[in-house]
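Below is one structure; the comments refer to it alone.
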Amino acid sequence: MSFSQIVPEHIQHIPPYKSENPAEQVERKLGVPVVQLGMNENPFGPSPKAVQAARAFLEKIAPYPDDSAYFLRQRLASHYKISMDEIIVSSGSSDILAMTYDALHSPGAEVLTGEASFVVFYQLAEILNMGLVRTPMKEYAFDLEAMAERITSKTRLVVLANPNNPTGTIIGRAELDKFMNKAPDHVLVVLDEAYFEYVNDPSYPNALDYVRAGKPVLVLRTFSKVFGLAGLRIGYGISTPEIIETLYKVRMAFNTNSVAQVAALAAWDDREHVQKSVSMNRAELEFLYHELSKRHLRYVPSHANFVLVELKKPARDVTSALLDQGVIVRPAWGCPACMRVSVGTHEQNHAFLAALDKVL
Ligand SMILES: Cc1ncc(COP(=O)(O)O)c(C=O)c1O
């Protein structure tokens with residue numbers, strides 16, 4: 001019997017997930033430094049205070065980490081004015097997403113999301129063989145009215161990224177309120193707010209209000225984006241104590257390393273660095289808009305640290321040509337004629353535009 005025969009059929013059909021074009025690999029191939037605008041990271045890096053805290057902690061890595069992430073949860077709880085049992089910390093918000101799917105999957109259970117969103121939403125459903133319902137986007141945003149109509153007795157999870165990756169759009173409070181009023185109790189609504197800190201729009205809802213009202217909502221946030229700690233893998237979820245406790249049942253023990261915990265605490269406290277990153281992102285986003293318009297390229301105005309650009313031809317052709325020029329950007333998931341460009345430093349954005357001029 002070959003190994004593949006013991007692997008369930010639905011797993012056999014999944015293409016292995018390998019991060020596309022890791023910067024180091026491309027650099028080795030091209031022999032020059034690459035411009036990484038494919039991962040929506042913070043191009044200005046982490047707070048120097050976070051780096052210092054991580055470095056100072058390296059002497060103390062023999063013991064297992066504090067499995068409860070006590071100090072970080074305490075800091076987050078006091079900031080959000082919620083109790084510590086409404087917070088879970090883990091190795092990235094996608095890990096909490098995985099726990100959520102693990103906890104709720106059962107024969108016949110379905111996940112509902114949009115057609116063009118975060119790749120992990122789809123992958124987790126495939127891994128667990130859950131039914132996946134994807135509704136078409138409406139002008140690049142989630143169509144919540146259409147989604148509400150697709151909820152059935154089998155739906156267990158509705159997964160929404162707000163802002164959405166790869167489109168950069170947001171769901172406004174009025175629209176979300178309407179949706180939440182329609183969502184039945186047997187459905188957990190996940191609001192993935194990985195880019196929360198970048199949003200500056202008065203219509204952006206305060207997702208914690210739903211949690212405070214006792215709704216079945218899980219809010220996910222991360223230290224991977226504006227805090228610049230993607231390499232340390234740390235994120236958190238906020239929900240009702242009952243939902244958080246359920247996630248603890250399926251969580252892998254000791255899954256948040258101790259260096260990440262101390263770095264996240266220091267990064268959290270450095271508000272100045274967050275502010276600086278957000279305002280530099282805004283300025284660079286405006287610069288990109290201006291330059292894209294000059295080239296008659298349509299883009300979707302973004303609430304995050306990346307922008308979706310319409311290409312009117314297969315995005316993969318353009319992103320491969322850009323890769324040959326040493327610039328990494330991504331074809332957008334769910335929109336084959338669009339590419340997603342992370343906002344870089346001014347220098348990186350210039351390099352992207354120069355490469356774009358060569359390939360278009
Ligand atoms: C919508 C969304 N959620 C979550 C993540 C991943 O976050 P983390 O690094 O905390 O797992 C990303 C990263 O690209 C994302 O775009």
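The values are calculated or read from the model by the stated rules, or taken from the named source; none is laboratory data. Predicted model, so just to flag it, every value in this text is computed and none were measured. Cβ: placed from backbone, ideal geometry, glycine included. Neighbour counts: every protein chain shown. For accessibility, only protein heavy atoms count, side chains too; no ligands or nucleic acids. Shrake-Rupley method; radii C 1.70, N 1.55, O 1.52, S 1.80 Å.
Overview of results
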{"read-out": "Residue within region 230-241 that is within 16 Å of the ligand (Cβ to nearest atom), free of Cβ contacts under 8 Å to residues at least 12 places away in the same chain, assigned to a helix (DSSP H, G or I) and not aliphatic (A, V, I, L, M) present", "value": "yes"}
{"read-out": "Every residue from region 49-63 that is assigned to a helix (DSSP H, G or I), of a type outside the set (Phe, Trp, Tyr) and open to solvent by less than 90 Å² (accessible area, probe 1.4 Å)", "value": "ALA50, VAL51, ALA53, ALA54, ALA56"}
{"read-out": "Answer residue from region 71-100, given it is of a type in the set (Gly, Ala, Ser) and without any contact (Cβ under 8 Å) to a residue 60 or more places away in the chain and is nearest to the ligand (Cβ to nearest atom) among those", "value": "ALA98"}
{"read-out": "Residue satisfying condition, being surrounded by fewer than 22 Cβ atoms within 10 Å (Cβ to Cβ) and touching a Leu at 6+ places or on another chain (Cβ under 6 Å), within set ALA321, ALA264, ALA260, ALA337", "value": "ALA337"}
{"read-out": "GLU291 vs. criteria open to solvent by 70 Å² or more (accessible area, probe 1.4 Å) and modelled with pLDDT of 95 or more", "value": "no"}
{"read-out": "Residue selected from region 301-321 under the condition over 16 Å from the mean Cα position of the chain (by Cα) and not in a helix (DSSP H, G or I), by the criterion nearest to ASP201 (Cα to Cα)", "value": "PRO301"}
{"read-out": "Residue pairs meeting the criteria (Cβ under 8 Å; at least 6 apart or on separate chains; first farther than 14 Å from PHE223 by Cα and in a loop (DSSP other than H, G, I, E, B), in region 243-268; second open to solvent by 20 Å² or more (accessible area, probe 1.4 Å) and of a type in the set (Asp, Glu))", "value": "ALA253/ASP67; PHE254/ASP67; ASN255/ASP95"}
{"read-out": "Check on GLY172, open to solvent by less than 40 Å² (accessible area, probe 1.4 Å) and more than 15 Å from the ligand (Cβ to nearest atom)", "value": "yes"}
{"read-out": "Subset of region 322-359 that is aliphatic (A, V, I, L, M) and not in a helix (DSSP H, G or I) - its residue that is farthest from GLN25 (Cα to Cα)", "value": "ALA337"}
{"read-out": "Scope region 211-240; condition of a type in the set (Gly, Ala, Ser) and under 22 Å from SER68 (Cβ atoms); matching residues", "value": "SER224, GLY235, GLY237, SER239"}
{"read-out": "Verdict on LYS358 being at positive phi and open to solvent by 30 Å² or more (accessible area, probe 1.4 Å)", "value": "no"}
